[in-house]
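Worksheet: the structure to be examined is printed underneath.
Every number here is computed from the coordinates shown, using simple stated rules; none is lab data. These numbers come from a predicted model, not from an experiment. Cβ coordinates were reconstructed from backbone atoms using ideal geometry, including for glycine residues, and neighbour counts include every protein chain displayed.
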Amino acid sequence: MQIKFFLDTRQKEELTKALKKSDCPHFRERILMLLLRNEGMTYQEISDFLGCSYRSVAYWCVHGDPDDLESLKDKRRQGNYRKATKAYIKLLMEVIKKDPNDLGYEFDRWTGERLANYLAQSTGIKLSVSQVRKILNQQKIRLPLAKVRSRAKMKIKPNTNNEVFAN
């Protein structure tokens with residue numbers, strides 16, 4: 001038995017709007033499941049079309065509420081990233097624009113680790129380096145690669161341990 005046109009016009013508009021607006025692939029996929037189901041596609045057809053499991057389609061078509069878009073969001077995403085408040089992100093965006101020397105540091109470039117440490121001292125919010133990088137990626141900011149000393153400047157001093165010393 002195929003269910004067709006179970007969504008009213010307002011629901012379709014809300015789902016389509018959320019589909020265009022969201023950057024979360026799982027959320028978008030679930031919206032598509034409801035929209036395709038509304039067009040009369042079977043679970044198997046939707047599964048084949050989207051390249052996801054039949055069970056996922058069946059679950060979200062039954063449990064996804066078109067009137068409550070929050071029901072389509074993945075609850076697992078409510079993890080540690082919420083520690084980064086809007087104020088934290090704003091400060092991160094301000095700090096990334098500043099030269100570390102102006103803040104009293106001896107290095108010339110920010111790294112994820114340096115930013116995480118600086119912000120932990122400034123705000124008391126401790127995030128991992130990968131979390132800081134994710135926030136920067138979401139803001140379309142890439143950290144420059146650190147300067148790498150060329151091998152030509154590296155010398156091996158004659159000692160018994162063959163330790164490497166930089167000029």
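Spelling out what I want: for every residue of region 107-124, take phi, set θ = phi - 60°, compute 6.51 cos²θ - 1.76 cosθ + 1.60 (Karplus), and round to whole Hz; glycine and proline get x.
8, 9, 10, 7, 10, x, 5, 5, 5, 4, 5, 4, 5, 5, 5, 6, 10, x
Label Leu91 and Leu50 with points 7 Å out from Cα along Cα→Cβ: what is the distance between them in nm?
The two pseudo-label positions are separated by 4.0 nm.
Using the structure shown, select from Lys12/Lys73; Lys17/Lys140; Lys90/Lys126; Lys20/Lys83 the pairs with a Cα to Cα distance greater than 20 angstrom. Walk me through the numbers on the way to the answer.
On the way: Lys12/Lys73 17 Å; Lys17/Lys140 23 Å; Lys90/Lys126 16 Å; Lys20/Lys83 27 Å.
As for pairs spanning more than 20 Å Cα to Cα, those are Lys17/Lys140; Lys20/Lys83.
Regarding region 9-77, what's the average projected area of the Cα-atom convex hull, expressed in nm²? Before the final figure, lay out each step's value.
Values: hull surface 17.6 nm².
The Cα convex hull of region 9-77, projected and averaged over all directions, gives 4.4 nm².
Scan around Ala84 for amide H atoms under 5 Å from its own, H built in the peptide plane at 1.01 Å from N, and keep only partners 5 or more places away or cross-chain.
none
Let me check I've understood the local charge: for Gly112, count other residues with C-beta under 10 angstrom from its C-beta, Lys and Arg +1, Asp and Glu -1. What total comes out? Let's see the in-between values first.
On the way: positive: Arg114, Arg133, Lys134; negative: Glu113.
Computed value for this residue: +2.
Within a Cβ distance under 10 Å of Cys61, other residues only, what is the Lys/Arg minus Asp/Glu net charge?
On the way: positive: Arg30, Arg37; negative: none.
Once all neighbours under 10 Å are counted, the net charge is +2.
Taking the Cβ of Arg30 as the center, what net charge do the other residues with Cβ under 10 Å away carry, scoring Lys and Arg +1 and Asp and Glu -1?
On the way: positive: Arg28, Lys73; negative: Glu29, Asp74.
Value of the local net charge: 0.
Leaving out same-chain residues fewer than 8 places away, which aspartates and glutamates sit with a Cα under 16 Å from that of Lys86?
Within reach: Glu94.
In sequence order, what are the phi-derived ³J(HN,Hα) couplings for region 87-94 according to the Karplus relation 6.51 cos²θ - 1.76 cosθ + 1.60 with θ = phi - 60°, rounded to whole Hz, with x for glycine and proline?
Karplus values, whole Hz, x for Gly and Pro: 5, 4, 5, 4, 5, 4, 5, 6.
What is the set of long-range amide H partners of Trp110 at a cut-off below 5 Å, with H atoms built 1.01 Å from backbone N?
Counting only residues 5 or more places away or on other chains, the set is empty.
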